[in-house]
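Engineer: Sharing a structure with you now.
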Amino acid sequence: MSVILQRSPADEPVYQFMDRKRAEGKPYRVYMMASANKFLRIYYATVKQYLNSLEA
């Protein structure tokens, strides 16, 4: 997640989410874990969509 903070463009959804949580004053571990969960949900949905397109 620290790589996303360092290298991600500002319009990327996970970066925006992480930045918003940080601005709310959440502790480091809280916003990092929440951001990791969001990233994994997006990644899983993308992979699932790709696999479904292969079956069709």
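The values are calculated or read from the model by the stated rules, or taken from the named source; none is laboratory data. Bear in mind that the values here come from a model prediction, so they are computed numbers and not experimental data. FYI the Cβ positions are ideal-geometry reconstructions off the backbone, even for glycines, and counts take in every protein chain you see. Accessible surface areas use protein heavy atoms only, side chains included; no ligands, DNA or RNA. Shrake-Rupley method; radii C 1.70, N 1.55, O 1.52, S 1.80 Å.
Engineer: Can you tell me how many residues within segment 1-12 are part of a helix (DSSP H, G or I) and among the hydroxyl-bearing types (S, T, Y)? Break it down stepwise before answering.
Structural biologist: Pass one, segment 1-12, residues part of a helix (DSSP H, G or I): 2-7.
Still in the list and also among the hydroxyl-bearing types (S, T, Y): 2.
Residues flagged as part of a helix (DSSP H, G or I) and among the hydroxyl-bearing types (S, T, Y) within segment 1-12 amount to 1.
Engineer: Give all pairs with beta carbons closer than 8 Å in which a residue from segment 16-41 that is farther than 15 Å from V3 by Cα meets a residue that is among the small types (G, A, S); count only pairs at least 6 apart in sequence or on separate chains.
Structural biologist: Partner pairs satisfying both residue conditions: K21/A34; K21/S35; K26/A34.
Engineer: Related question: Quick check on this structure: which one of Y15, Y31, Y44 is open to solvent by 100 Å² or more (accessible area, probe 1.4 Å) and part of a helix (DSSP H, G or I)? Steps first, answer last, please.
Structural biologist: Numbers: Y15 fails: open to solvent by 100 Å² or more (accessible area, probe 1.4 Å); Y31 fails: open to solvent by 100 Å² or more (accessible area, probe 1.4 Å).
Y44 is the lone residue from the list that is open to solvent by 100 Å² or more (accessible area, probe 1.4 Å) and part of a helix (DSSP H, G or I).
Engineer: Ok, one more. May I ask you to say which residue of K38, K21, K26 is modelled with pLDDT of 90 or more, of a type in the set (K, R) and not in a helix (DSSP H, G or I)? It would help to see each step written out before you state the result.
Structural biologist: Values: K38 fails: not in a helix (DSSP H, G or I); K21 fails: not in a helix (DSSP H, G or I).
One residue alone meets the criteria, K26.
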